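Engineer: Dumping the structure here so I can ask a few things about it.
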Amino acid sequence: MLLIVLLTAAAIATASAAFAVLLIEGFPQPGRAWLIRWLRRLGAFALFCWFLYWGWGAVHGNFLQGHQEALGIDGRLYYRAAAAWLAGGNPWGPEAATYTNAWPSGCCVQWLFTGPPPTVLAFAPLTLIPEDLFVRAWMALTLAAAFYTLRRLGLPWWWIMFPPLAQGITVGNPHVVCLAVLVAGSDHVRWLAVPLKAYAVAPLVGEQRWRALVGVGVAVGLSVVLFWPLWSSYLSQYGEINRWIGDATHGGFSAHRDPRLFAVTLAAVAALAVLDWRAAGWLAVPALFPAGQFFYASFALPLRSPWLAFALATAGHRADAAVPWIICGYAGLRVAGWGLARGRRARRGPVAQHADVVGDGPGSPDHAVLDLPVVGAAGCDHAGVDGLVARHGPVDRRDLRHATGGNGVVVTGDVVAGVGR
């Protein structure tokens, strides 16, 4: 572990020195393009070491002797809830609970199921598989879903060590599969994310996937009609369920733990929504959802921001309330950047403004500036953009985000081009 720390420190120091050279000598002319390439490589290496260090810190307790029962524990809990319901029991009661030895104290902790009825129904068919076999298969599916998500987003494979994602994988929480379903290529699949995790509605709204949301509404409505006794039982216990999860998670990692922090974070997410509705939809869950868990922060992955991921990697201590504060900082920087960009365009005059993108906000579908960061060492994937344009002509903004990397992209009619920031 000391070697990882030293490598990370060396990589960050070297990358900082290279960036200082850029600031002093000016950003490179064609003869200095090698400096940008090496800066990106060093940045990717530093982020790799950063994820490795903090990722292991987030999951190592699950691999200690006497604590391995935590591996896949959430998948086991969801299985037992569905099995309890099919057996005529209470999915939210002790008969569906799982138990783990808390690290490092070693005391036994009981975990109860808290998901809504659609989640119970989603896991009910899987109870045909024996429990232990299901847990093994579910862990394999969770790992595959994580790699699928990274592939869909164009992120390097080693982002699997992003601490919130790594934690979700080790406990087998359906959140990881939910994320993979949300980034899938079809609305016929995306709506299935909501039965896995009810808060998946927020990213669907952010992505403006209205057909998927219609599918969600129809499915939930049918479940109420066909399985009303299950819904009735859930609603009658709703207050008790929320009290238990609030106590068990000590308020969780989100801003919901503190009314003042919640107000500040809500304002930050709302401001971000004015500029980038999509980003606000993804970040609303880790920032605001009650009793949020650390792995909720993996919903930042579709934004593909190494700086946001760098900060969130360190947010694994619940008491620090770091997740909402980091998201507030990200929103603040986005708003500040937007203001500076508008000021630059105002100083450049009306002709230059006309050459820029016309619409700055989410309500401008045909003209948009997408502030997309550098991904790992890859930079801006212009080949991905050109391929989309060659195959499809004018590109939908939501699809363009999966094919582009750093600096930003301007979409104006049929023209797609990288834009320096």
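Engineer: Looking only at region 79-104, filter to residues that are among the small types (Gly, Ala, Ser) and more than 18 Å from TRP231 (Cα to Cα); which one of those is modelled with the lowest pLDDT?
Structural biologist: ALA102
Engineer: For region 294-312, what are the residues that are over 10 Å from the mean Cα position of the chain (by Cα) and of a type in the set (A, V, I, L, M)?
Structural biologist: LEU308, ALA311, LEU312
Engineer: Please specify each residue of region 156-166 satisfying the condition of being touching a residue at least 60 places away in the same chain (Cβ under 8 Å) and surrounded by fewer than 23 Cβ atoms within 10 Å (Cβ to Cβ).
Structural biologist: PRO156, TRP158, MET161
Engineer: Criterion first (buried (at least 16 other Cβ atoms within 10 Å of the Cβ) and within 21 Å of ARG243 (Cα to Cα)) does ALA145 satisfy it?
Structural biologist: no
Engineer: If you check LEU333, LEU312, LEU288, which single one turns out to be over 27 Å from ARG151 (Cβ atoms), modelled with pLDDT of 90 or more, in contact with a Pro (Cβ under 8 Å, 6 or more places away or on another chain) and of a type outside the set (Phe, Trp, Tyr)?
Structural biologist: LEU288
Engineer: Which numbered condition trips up CYS107, out of (1) of a type in the set (A, V, I, L, M, F, W, C); (2) at pLDDT below 95; (3) closer than 30 Å to PHE51 by Cα; (4) touching a Leu at 6+ places or on another chain (Cβ under 7 Å)?
Structural biologist: In the conditions (1) of a type in the set (A, V, I, L, M, F, W, C); (2) at pLDDT below 95; (3) closer than 30 Å to PHE51 by Cα; (4) touching a Leu at 6+ places or on another chain (Cβ under 7 Å), CYS107 misses (4) alone.
Engineer: For ALA97, work out the one condition from (1) small (Gly, Ala, Ser); (2) touching a Gly at 6+ places or on another chain (Cβ under 9 Å); (3) over 18 Å from ALA198 (Cα atoms) it doesn't fulfil.
Structural biologist: (2)
Engineer: Note down all Cβ pairs under 9 Å where the first residue falls in region 277-288 and is more than 15 Å from ILE326 (Cβ to Cβ), the second is of a type in the set (Lys, Arg) and surrounded by fewer than 22 Cβ atoms within 10 Å (Cβ to Cβ), and they're at least six residues apart or on different chains.
Structural biologist: From residues that are more than 15 Å from ILE326 (Cβ to Cβ), the pairs are ARG278/ARG397; ARG278/ARG398; ARG278/ARG401.
Engineer: Still on this model: Considering only residues that are surrounded by 15 or more Cβ atoms within 10 Å (Cβ to Cβ), assigned to a loop (DSSP other than H, G, I, E, B) and of a type in the set (D, E, K, R), which ones fall in region 246-281?
Structural biologist: Residue satisfying the conditions is ASP276 alone.
Engineer: I would also like to ask the following. Picking from VAL285, VAL323, which residue would you name as being in a helix (DSSP H, G or I), touching a Ser or Thr at 6+ places or on another chain (Cβ under 7 Å), aliphatic (A, V, I, L, M) and closer than 19 Å to LEU261 by Cβ?
Structural biologist: None of the others qualify; the one that does is VAL323.
Yes or no, residue by residue, for (1) assigned to a helix (DSSP H, G or I); (2) basic (Lys, Arg); (3) under 13 Å from the mean Cα position of the chain (by Cα):
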residue: VAL135; (1), (2), (3): yes, no, no
residue: MET139; (1), (2), (3): yes, no, no
residue: ALA144; (1), (2), (3): yes, no, no
residue: LEU150; (1), (2), (3): yes, no, yes
residue: THR170; (1), (2), (3): yes, no, no
residue: ASN173; (1), (2), (3): no, no, no
residue: GLY221; (1), (2), (3): yes, no, no
residue: VAL224; (1), (2), (3): yes, no, no
residue: TRP231; (1), (2), (3): yes, no, no
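Engineer: Taking the stated definitions as given, is GLY339 closer than 29 Å to ASN242 by Cβ and outside the structural domain of ALA44 (by TED's automatic domain parsing)?
Structural biologist: No: the conditions fail for GLY339.
Engineer: Looking only at region 80-98, count how many residues are under 14 Å from GLU240 (Cβ atoms) and either basic (Lys, Arg) or in a helix (DSSP H, G or I) (or both).
Structural biologist: 1
Engineer: To continue, here is another question. Based on this model, can you work out whether THR119 counts as within 23 Å of PHE253 (Cβ to Cβ), hydroxyl-bearing (Ser, Thr, Tyr) and buried (at least 23 other Cβ atoms within 10 Å of the Cβ)?
Structural biologist: no
Engineer: Which condition from (1) out of contact with any helix residue (DSSP H, G or I) (no Cβ under 8 Å at 6 or more places or on another chain); (2) at pLDDT 95 or above is the one that CYS178 breaks?
Structural biologist: (1)
Engineer: How many residues are among the small types (Gly, Ala, Ser), surrounded by fewer than 21 Cβ atoms within 10 Å (Cβ to Cβ) and either without any contact (Cβ under 8 Å) to a residue 24 or more places away in the chain or farther than 20 Å from GLY154 by Cβ (or both) when one looks only at region 175-201?
Structural biologist: 2
Engineer: Kindly provide the set of residues from region 203-219 that are crowded, with 19+ Cβ neighbours inside 10 Å and either closer than 22 Å to ARG304 by Cα or modelled with pLDDT of 95 or more (or both), ordered by number.
Structural biologist: Listed by number, the residues that qualify are PRO203, LEU204, GLY206, GLU207, ARG209.
Engineer: Follow-up question, since we're still on this one. Residues being β-branched (Val, Ile, Thr) and at pLDDT 90 or above: count how many of those fall in region 242-279.
Structural biologist: Of the residues in region 242-279, 4 are β-branched (Val, Ile, Thr) and at pLDDT 90 or above.
Engineer: Sticking with this structure for a sec: Can you pull out every residue in region 44-78 that is among the charged types (D, E, K, R) and modelled with pLDDT of 75 or more?
Structural biologist: Matches in region 44-78: ASP74, ARG76.
The values are calculated or read from the model by the stated rules, or taken from the named source; none is laboratory data. These figures come from a predicted structure and were not determined experimentally. Positions of Cβ are backbone-derived with ideal geometry, glycine not excepted, and every protein chain shown enters the neighbour counts.
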